[in-house]
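Novice: Have a look at this one before I ask anything.
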Amino acid sequence: MDLTLYVWRQSGPGAKGRLEEIEARGITADMSFLEMLDVVNEGLIKTGREPIAFDHDCREGICGMCSQVINGVPHGPQEKTTVCQLHMRRFKDGDRIYIEPWRARAFPVIKDLIVDRSALDRIVQAGGYVSVHTGGVPDANAVLVPKADADTAMDAAECIGCGACVAACPNGSAMLFTAAKVAHLAALPQGRAEAARRVCMMTEAMLKEGFGSCSNHYECQAACPKGIKVKFIAKLNREFIKAQFSKKSE
Amino acid sequence: MILDGKCPSGPLPEMWDRHRKEMKLVNPANKRKYRIAVVGTGLAGASAAATLGELGYNVDAFFYQDSARRAHSIAAQGGINAAKNYPNDGDSVARLFHDTIKGGDFRAREANVYRLAMVSNSIIDQCVAQGVPFARDYAGYLDNRSFGGAQVSRTFYARGQTGQQLLIGAYSALSRQVKAGTVALHPRSEMLDLVIVNGEAKGITVRNMVNGRLECHTADAVCLCTGGYTNVFYLSTNAMGSNVTAAYRAYKKGAFFANPCYTQIHPTCIPVTGDHQSKLTLMSESLRNDGRVWVPRIKGDRRSPGEIPEDERDYYLERKYPAFGNLAPRDISSRAAKEVCDESRGVGPGGRGVYLDFADSINRLGIDKVRERYGNLFDMYEKIADENAYRQPMRIYPAPHYAMGGLWVDYNLQSNIPGLFVLGEANFSDHGANRLGASALMQGLADGYYIIPYTIAGYLAGTKPGVVGTGHPEFIRSVEECEGTIRKLLSINGKRTANEFHRELGGLMWEHVGMARSHEGLTSVLKRIPELRAEFWENVRVPGGEADLNQELEKAGRVADFLEFAELMARDALHREESCGGHFRVEYQMPDGEAKRDDEQFCYVAGWEFKGAGTAPELHKEPLKFDNVPLAVRSYK
């Protein structure tokens, strides 16, 4: 099939960007979206043009590196699918496809479709962990975890940190990302001890990084390639309010 | 030169404890004076950087991705082994050790493997304490499942995303140290050179991938945790960015490369669909717990799988290896798949595939149970192959997956260059000629959490910290060399892209240095690789500039190294005139087609020393002794 792409091109962080029209010819249905871009890039290189810069790595939907807004939707039209797992059988001959980077105040563009997501790392650095040193821990079966709690923790822990939730949110909020980590650790006895402190530190870091607030649009859940549920934002809010009443530990 | 693994003497179970007691320590107040460079933040790198930071060292962590959480350990699906024996099915440290030695086809170092089995249990304890949400039963206890090459259930798992969860655990420990100020992160940084001063590793040169600047980083010790090199095959289960560059540049600076021909071809991957394909996707080996592998009995049978009656199917793994059945080790399962496809009994487009059938399990357990165990894998399969594996069998085929070979290290994980340590997949030490499933995660975390923190102190205690600055002539020379290579790549302005060269190289390697290797094929490929390399340096086209984010330049640099490394790999495969584990030479096989080892001549680790461009590398041997597991023909029948 032949497609017309409108791709965001931006030479550097401060530069002015624009949408460039690029033809994609001879694309087959079994290619992944990124393989389609590979083919396009090979063509651009051979004709002396600069290839499209985009982030990608594992190409199996787990590393969270790929990050493109396709026709206005982060990760494109297929539910619970990262760009790298999106296949061209979802498109048809003659389609016009708009490809843009994640857009959020906290994610400045580095080049073309590549953005700086280190703000997400800094939210985790603020407290997204159990403060345990290597060694000196009890036997793995010493603390039992009810299966339902372990499953809840796992549901939240599936987050791949891609930032689609931020890109989808009209407020550019990182609530779903932060909530997933808070909920994952709060569901487990190992993470409970620091739960109050953690939720305060992570929320504070989130605001400091310039992410917006949540106003219940639920776009994040719709865009999340791992299907992380907004119920975890409710959990974050409950943990946050609880923490305000347990400040005595501070 | 005879290589010395520096294994402690005495009985295996006591070695590590005694060694730890005898090793020197660095005083807590002195640790902060030492700077350690850790390259790569997969399971080995992240766990090492975090643990060294906790101890008080100054750690610099480098990685090419934008976040430390994205290293390719994250893609490991199935699980992590440990000798906990929670299911009471007869497991023990001794058995895990034995299975790993046997699984590696007697080409691993006994002392290292025993230590790995010993620390395996601590890893699970640590991960649980970090909040890794392992699968549990209704009573709240940890659940286990089985993996290839073992007759016990010793694998801990977190749905089909075990690698992700373990890496997030290590990444969170790392993040905690970033906050504590002991670890500095260097994202989007690619190591281009190892800097050696007076024979010792004293730092690295990296390219900042955002602005193209070459940066010097001094260190009192360098830990390479840079993963494996199976992207030399172009198509593999590795991430697109996985490369051999850091390890290969260390090799060019004098580190020995051990057993480069030991590569693992994983039996259960989604088959190739076309020339445009950029990578292959693994379907976890855990699927073989409940899936049955088969092909039609009749050659060229084009019927759909549902139309082929039971008695016209060949469940060849169950037939050939009744004791282990569908859970035969990876090398054996992969070769068996190749054999039936070579007999024209393969399925799917091109006949390069076999069925992995869940119909029996769905009947036995119900669709919900199967979905709970493997749901994400079935979903992923449907996205890629456009087929529903609940209704029809999956089609799978072997694909390059893991490198057992890597830089040579001694018992302390130190290479032959003092101060250069190599951890995880990047070293060679624990898996011999074939790695068992769920052992890579175990090794990466063992090296990072429990081994390097002790052994690096043994080295640093005898080293004065901070004696070399970035103004040292060796750093200046290193930067000039890297600059020279980059400018050369940008100036060629030829007709073919780096990707085209990579694809051609991969095709050659898969054909001749893949699942079946022959003297003839290896000799021909050793002639062809230098030709292709010469063409690359005359005809590659790398657009853009050096002082910019330039992904084509990154790719070209990696392909240039693969083009050299491929030759080393083929040379090692040619010299090893035996079959063992993942290294199968067609000339050396049993009458029934199984691998035929030659312990008389080849019971050693092959460590290759770089002797300059255009000169053959020199082979050094580390003899392998098996005092605890008697050398035997590996049988899974």
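All of the numbers you see were taken from the coordinates with simple rules; none came from a lab. This one's a predicted model, so the numbers in the text were calculated from it and none came from an experiment. Cβ placement follows ideal geometry from the backbone for every residue including glycine, while neighbour counts extend to all protein chains displayed.
Novice: Along Cα→Cβ, 7 Å out, is where each label goes; now give me the distance between the ones at residue A:29 and residue B:534 in nm to one decimal.
Specialist: 4.6
Novice: Between residue B:32 and residue B:590, what FRET efficiency comes out of the Förster formula 1/(1 + (r/R0)^6) with R0 = 60 Å and r the beta carbon distance, rounded to 0.05?
Specialist: 0.55
Novice: Still on this structure, please answer the following. For residue B:392 and residue B:180, calculate 0.36 nm times their separation in residues minus their Cα-Cα distance, and state this gained length in nm to one decimal.
Specialist: Numbers: separation 212, 0.36 × 212 = 76.32 nm, distance 5.21 nm.
Result: 71.1 nm gained on full extension.
Novice: Report, by chain and number, residues whose modeled amide H sits under 5 Å from the one on residue A:65, excluding near sequence neighbours (fewer than 5 apart, same chain).
Specialist: Sorted by chain and number, the residues that satisfy this are A:57, A:58.
Novice: Here is a further query. Counting only other chains, what is the mean number of Cβ atoms within 10 angstrom of the Cβ of each residue in peptide B:61-72? Don't jump to the answer; show the numbers that get you there.
Specialist: Working: counts 0, 0, 0, 1, 6, 14, 11, 2, 9, 10, 3, 5.
Mean number of neighbouring Cβ atoms from other chains: 5.
Novice: Divide by every residue of chain B the summed helix terms, -39500 (n - 2.57) for each DSSP H run of at least 4, and state the resulting mean residue ellipticity at 222 nm, rounded to the nearest 500 deg cm²/dmol. The partial results should precede the final answer.
Specialist: Working: 18 runs with 231 residues, N = 637.
Calculated at 222 nm, the ellipticity per residue is -11500 deg cm²/dmol.
Novice: Any idea which of B:85, A:157, B:254 is furthest toward the positive side of the dipole for the protein assembly as shown, if Lys and Arg beta-carbons carry +1 and Asp and Glu beta-carbons -1?
Specialist: Going by the Cα projections, it comes out as A:157.
Novice: Run the quick spin-label model on residue B:311 and residue B:613: label points 7 Å from Cα toward the beta carbon, then report their separation in nm to one decimal.
Specialist: 6.7
Novice: Once the dipole of the protein assembly as shown is set up with Lys and Arg at +1 and Asp and Glu at -1 on Cβ about the Cα centre, which of B:617, B:445, A:118 lies farthest towards its positive end?
Specialist: Checked the options; the winner is A:118.
Novice: Also, quick follow-up: Starting from the Cα of residue A:242, step 7 Å toward the Cβ, then list every residue of the stretch A:192-207 with an amide N under 18 Å from that point.
Specialist: Residues passing the 18 Å test: A:192-204.
Novice: Which residue, A:152, A:47, A:28, tops the fluctuation ranking in a GNM of chain A built on C-alpha contacts under 10 Å?
Specialist: A:47
Novice: Non-local amide H neighbours of residue B:195 (under 5 Å, H modeled in plane, Pro and chain starts lacking H): which ones?
Specialist: Long-range HN contacts for residue B:195: B:202, B:203, B:204, B:205.
Novice: Right, here's the next one. Kindly provide the trypsin sites (Lys or Arg not before Pro) of the stretch A:1-81 that DSSP labels as loop, not H, G, I, E or B, and whose Cβ sees at most 11 other Cβ atoms within 10 Å. All intermediate terms of the calculation are to be shown ahead of the outcome.
Specialist: Details: sites: A:9, A:16, A:18, A:25, A:46, A:49, A:59, A:80; in loops: A:16, A:25, A:49, A:59, A:80.
Answer in residue order: A:16, A:25.
Novice: Another question, if that's okay. What ranking do B:301-309, B:382-390, B:581-589 get when scored by the average of other Cβ atoms within 10 Å per residue, highest first? Before the final figure, lay out each step's value.
Specialist: Values: B:301-309: 12.0, B:382-390: 17.2, B:581-589: 21.8.
Result, highest mean Cβ count within 10 Å first: B:581-589, B:382-390, B:301-309.
Novice: In this model, which of A:226/B:279; A:92/B:299; A:80/B:84; B:464/B:625; B:279/B:488; B:596/B:621 are farther than 25 Å apart at the alpha-carbon? Mind dumping the intermediate values first?
Specialist: On the way: A:226/B:279 21 Å; A:92/B:299 37 Å; A:80/B:84 36 Å; B:464/B:625 36 Å; B:279/B:488 28 Å; B:596/B:621 20 Å.
Cα-Cα > 25 Å for A:92/B:299; A:80/B:84; B:464/B:625; B:279/B:488; rest within.
Novice: Could you rank the peptides A:184-192, B:74-82, B:357-365 by their average count of other C-beta atoms within 10 Å per residue, with the highest value first?
Specialist: Numbers: A:184-192: 22.6, B:74-82: 27.8, B:357-365: 16.1.
Packing proxy ranking, top to bottom: B:74-82, A:184-192, B:357-365.
Novice: Largest first and in whole Å, give the semi-axes of the stretch B:404-473's equivalent ellipsoid, each being the square root of 5 times a Cα gyration tensor eigenvalue.
Specialist: Sorted largest first and rounded, they come to 27, 13, 10 Å.
Novice: Please give the length that would be gained between residue B:470 and residue B:4 if that part of the chain were fully extended, namely 0.36 nm times their separation in residues minus their C-alpha to C-alpha distance (nm, one decimal). Let's see the in-between values first.
Specialist: Numbers: separation 466, 0.36 × 466 = 167.76 nm, distance 3.25 nm.
Result: 164.5 nm gained on full extension.
Novice: Under the definition of partner shielding as Cβ atoms of other protein chains within 10 Å of a residue Cβ, what is the mean value for peptide B:245-253? Before the final figure, lay out the partial values.
Specialist: Values: counts 0, 0, 0, 0, 0, 0, 0, 0, 0.
Going residue by residue through B:245-253 and averaging, the value is 0.
Novice: While we're here: Taking the Cα centre of each part, how many Å lie between the stretch B:409-457 and the stretch B:322-364?
Specialist: One Cα centre to the other: 32 Å.
Novice: Further question: Mind checking the full-extension length gain between residue A:9 and residue A:218? Use 0.36 nm per residue of separation minus the Cα-Cα distance, one decimal, nm. The partial results should precede the final answer.
Specialist: On the way: separation 209, 0.36 × 209 = 75.24 nm, distance 2.91 nm.
Net length gain for the segment: 72.3 nm.
Novice: According to a simple spin-label model (label point 7 Å from Cα along Cα-to-Cβ), what is the distance in nm between residue A:44 and residue B:339?
Specialist: 4.8
Novice: Take the alpha-carbon centre of the stretch B:558-637, take the same for the stretch B:464-490, and report the distance between them in whole Å.
Specialist: Cα centres, the stretch B:558-637 to the stretch B:464-490: 34 Å.
Novice: Could you state the number of Å between the C-alpha centres of the stretch A:227-242 and the stretch B:67-88?
Specialist: The stretch B:67-88 and the stretch A:227-242 have Cα centres separated by 28 Å.
Novice: Additional query: Taking each residue of B:165-177 in turn, how many C-beta atoms of other protein chains fall within 10 Å of its C-beta, and what is the average?
Specialist: Values: counts 5, 0, 2, 10, 4, 1, 5, 11, 6, 4, 9, 9, 2.
Mean partner-chain Cβ count within 10 Å for B:165-177: 5.
Novice: I've got another one for you. I need the peptides B:625-633, B:237-245 ranked by packing, meaning the mean over residues of other C-beta atoms within 10 angstrom, with the highest value on top.
Specialist: Values: B:625-633: 12.4, B:237-245: 25.2.
Ranked by mean Cβ neighbours within 10 Å, highest first: B:237-245, B:625-633.
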